[in-house]
Amino acid sequence: SSTTVALLVSSFFAGFLLLGLLFYAAPINGLWSSVSASIYTIEVVNEFPHDPQAFTQGLLYAGNDTLYESTGLNGHSSVRRVHMPTGKVEDIHRMDHSQFGEGLTLLNERLFQVTWLTNIGYIYDQHNLSKFEKFTHEMKDGWGLATDGKTIFGSDGSSTLYQLDPKTLKVQEKVNVKYNGYEVHNINELEFVNGEVWANVWQSDCIARISHKDGLVTGWILLHSLRQGLISSGNKGIDVLNGIAWDEEKNRHYVTGKWWPKLYEIKLHPSV
Ligand code: DDQ
Ligand code: CA
């Protein structure tokens, strides 16, 4: 009958309307964007000694159980080669008291380091840390550095993730780091991991996994258990989580913090 036809037609349109509303409203309510980033918890698979005097600002793994580390604070800043299993400092360049060491990355046997509150950086010979030269860069400040072997990623404490040309140190690209439409500020120590950029977010116990192409945060790694564990076992004076290193060959992830007595090898577990 005609009423059945009218009912069918109207319910068809009502269905359309509902679907339309859902598609329209879901992004506004964050229904989709909130599920777009994965959350990871961690498991500690190994722990190693770490110099509790090191105010860690840059960290990287160079193969052969060797880490390079940059430390901050005026009068305590350094670049050092560290034997990972023992935490023993094998070579150290102590920086001038006026300098505050920050991010560090290794490319073609050269260590690039930036410094806090300046546009000045240094390039060291990986095999002889007392051999170095100076450079300047165009970021607003020097916080984190990392590399994929071609380009240098940099952070300056804002939400900007830079890409620098390793030859000229000029900015080639920059993206805004965003999660759920919000800018993520305080992007700090960096690591290039398997096509992504991982970043310590200063004063959080979290690492953001960032797509460097568009700046979108694709995942959050929650590491609060590490700092809390250290504090509850008596290390009251430690500072924030900072320092990510990746062993590409064995796909191992290492993290530490400023004045932390330990370096942790961690495994990620996806949650929710
Ligand atoms: N940054 O690592 C977040 C880039 C800088 C940390 C600065 C910590 C301030 C320490 C206080 C210095 C007092 C001389
Ligand atoms: Ca790093």
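Where a number appears in this text, it was derived from the coordinates with a stated rule and is not lab data. A quick note: this is a predicted structure, and the numbers were derived from the prediction, not measured. Heads up, the Cβs are rebuilt from the backbone with ideal geometry, glycines too, and the neighbour counts pull from every protein chain shown.
Numerical summary
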{"quantity": "Excluding exposed DSSP-loop GluC sites (Glu not before Pro) (at most 10 other C-beta within 10 Å), longest clean stretch of the chain", "calculated": "110-248"}
{"quantity": "Two-site label geometry, His76 and Glu196: point separation in nm, points 7 Å out along Cα→Cβ", "calculated": "3.1 nm"}
{"quantity": "³J(HN,Hα), Karplus 6.51/-1.76/1.60, whole Hz, each residue of region 124-139, x for Gly, Pro", "calculated": "10, 6, 3, 8, 8, 5, 7, 9, 8, 10, 9, 9, 10, 10, 9, 6"}
{"quantity": "5 angstrom amide H check on Glu189, placed H, neighbours 5+ away", "calculated": "Asn200, Gly243"}
{"quantity": "For region 114-272, the spread of Cα positions along each principal axis, largest first, Å", "calculated": "45, 41, 33"}
{"quantity": "Region 200-263, relative contact order in percent, only Cα pairs under 8 angstrom and at least six apart counted", "calculated": "25 percent"}
{"quantity": "Percent of Cα pairs exceeding the 35 Å cut-off, where the set is the chain", "calculated": "23 percent"}
{"quantity": "Rounded tilt (10° steps) of 2-28 against the dominant C-alpha axis of the chain", "calculated": "10 degrees"}
{"quantity": "CD proxy at 222 nm, helix term only [per DSSP H run n ≥ 4: -39500 (n - 2.57); per residue of the chain; nearest 500]", "calculated": "-4500 deg cm²/dmol"}
{"quantity": "Cut-off under 5 Å, modelled amide H: who pairs with Leu60 long-range", "calculated": "Tyr68"}
{"quantity": "Relative contact order %, the chain, counting alpha carbon pairs below 8 Å whose residues are six or more apart", "calculated": "19 percent"}
